[in-house]
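A short worksheet on the structure shown next.
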Amino acid sequence: MSTIVDMFRFLLKKNFCDVWDNLFHTMIINLFTVLFGAICILLVMLSTALPCPSVVRGLFPMLTMTLCCMAMGILFFAEGNNALKIANFEGPKLAFFFRNIIPSIKDGAMFGLYMALVVMVAIVSMPYYFHVWVPADGSQGSLLGLLMMSLVFWFIVITVLSLQYFLPIRSIMHNGFRKCLKKSYMIFFDNTLFSIGLGILNLVNLAVMVFSMGILNGPATISITCTEALRLRLYKYDWYEVNPDLTKEQRKDVPWEDLLANDRKLLGPRHWKSFLFPWKE
């Protein structure tokens with residue numbers, strides 16, 4: 001039986017093939033969203049220089065960042081249907097992206113708001129608890145600060161890894177915001193190692209995005225990666241549903257070779273020549 005490592009290898013192969021086969025589409029969406037993100041960053045930087053009383057000076061950047069996160073969330077969600085089509089071996093369309101912007105406003109804005117809250121918790125609470133642990137005046141600190149800082153840190157890490165599944169859950173299952181959020185955490189805790197591997201893969205996507213300035217990788221690529229990951233991972237739960245009498249030990253031995261057989265057949269034995277010289281295949 002194929003192991004989870006083999007399953008993850010297939011995810012890497014399928015993700016690479018799907019992104020490569022739809023490179024023109026992902027480049028356009030990536031450049032559009034990265035450019036919009038750059039404008040958002042500029043707006044946040046400009047908001048820090050607004051002439052206002054010191055009491056409310058920190059509120060404008062946070063408000064601007066929140067609005068920008070909500071706008072980015074909408075654009076990210078607008079590409080969800082295309083990501084699902086690519087994961088299902090279908091072709092994406094730019095028209096779907098622009099057509100889905102308005103239907104994505106509610107969930108995308110709430111997702112962006114949640115992400116903004118997570119960021120604000122990080123930038124406000126982490127320095128505060130650090131100074132409780134190590135006071136700036138050199139006085140005796142408290143280990144409670146270290147404990148709280150650790151709790152906040154792991155909450156942020158778990159949240160970031162869990163939210164990788166939010167968009168795919170919405171695209172595949174069509175659940176509302178609360179159900180998507182709940183299922184995101186549930187899937188993370190049930191697939192922790194897989195989620196960490198997916199997080200590392202998305203860190204690579206982010207690194208390539210920065211290096212290529214959004215040309216090769218970006219939000220569209222990440223949405224495909226996350227959707228591919230959840231779509232394949234859901235085969236395990238389909239297998240559980242078909243075999244409800246499995247013991248706890250049997251549930252750990254997932255027959256990935258059988259579950260991925262159809263996808264392997266549809267993907268085919270791709271070779272490097274097919275990527276560089278597809279007309280020779």
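The values are calculated or read from the model by the stated rules, or taken from the named source; none is laboratory data. The structure displayed is predicted, hence computed values, not measured ones. Glycine gets a Cβ as well: all are built from the backbone with ideal geometry, and neighbour counts include every protein chain shown. To get the accessible areas, we keep the full protein, side chains included, count just its heavy atoms, and leave off ligands, DNA and RNA. Shrake-Rupley method; radii C 1.70, N 1.55, O 1.52, S 1.80 Å.
The table for this structure:
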{"read-out": "Solvent-accessible heavy-atom area per residue, rounded to whole Å², over the chain at 1.4 Å", "value": "57"}
{"read-out": "Computed FRET value (nearest 0.05) for PHE153 with TYR240, which takes r as the C-beta separation and R₀ as 25 Å", "value": "0.15"}
{"read-out": "Farthest toward positive dipole pole in the chain [+1 Lys/Arg, -1 Asp/Glu at C-beta], among ALA83, PHE16, LEU181", "value": "ALA83"}
{"read-out": "Cα-projected label distance for LEU94 with ALA261, points at 7 Å along beta-carbon direction, nm", "value": "4.2"}
{"read-out": "Per residue convex hull volume, Cα atoms of segment 191-278, in Å³", "value": "123"}
{"read-out": "Additional length obtainable on full extension of the chain from VAL160 to GLN140, 0.36 nm per residue less Cα span", "value": "3.9 nm"}
{"read-out": "Computed magnitude of the charge dipole of segment 86-211 (debye, nearest 20; Cβ of K, R +1, Cβ of D, E -1)", "value": "540"}
{"read-out": "Label of the coordinate-derived value, log10 I(q)/I(0) by the Debye sum over Cα atoms at q = 0.06, 0.08, 0.09 Å⁻¹, listed as (1) -0.34, -0.54, -0.63; (2) -0.23, -0.41, -0.51; (3) -0.16, -0.29, -0.37", "value": "(2)"}
{"read-out": "Degrees separating the helix 192-212 axis from the principal Cα axis of the chain, which is the longest one", "value": "80"}
{"read-out": "Accessible surface of segment 1-92 [probe 1.4 Å, protein heavy atoms]: carbon and sulfur percent", "value": "77"}
{"read-out": "With every protein chain in place, segment 138-181: carbon and sulfur % of accessible area (1.4 Å)", "value": "71"}
{"read-out": "Per principal axis, descending, Cα span of segment 129-265 in whole Å", "value": "64, 45, 29"}
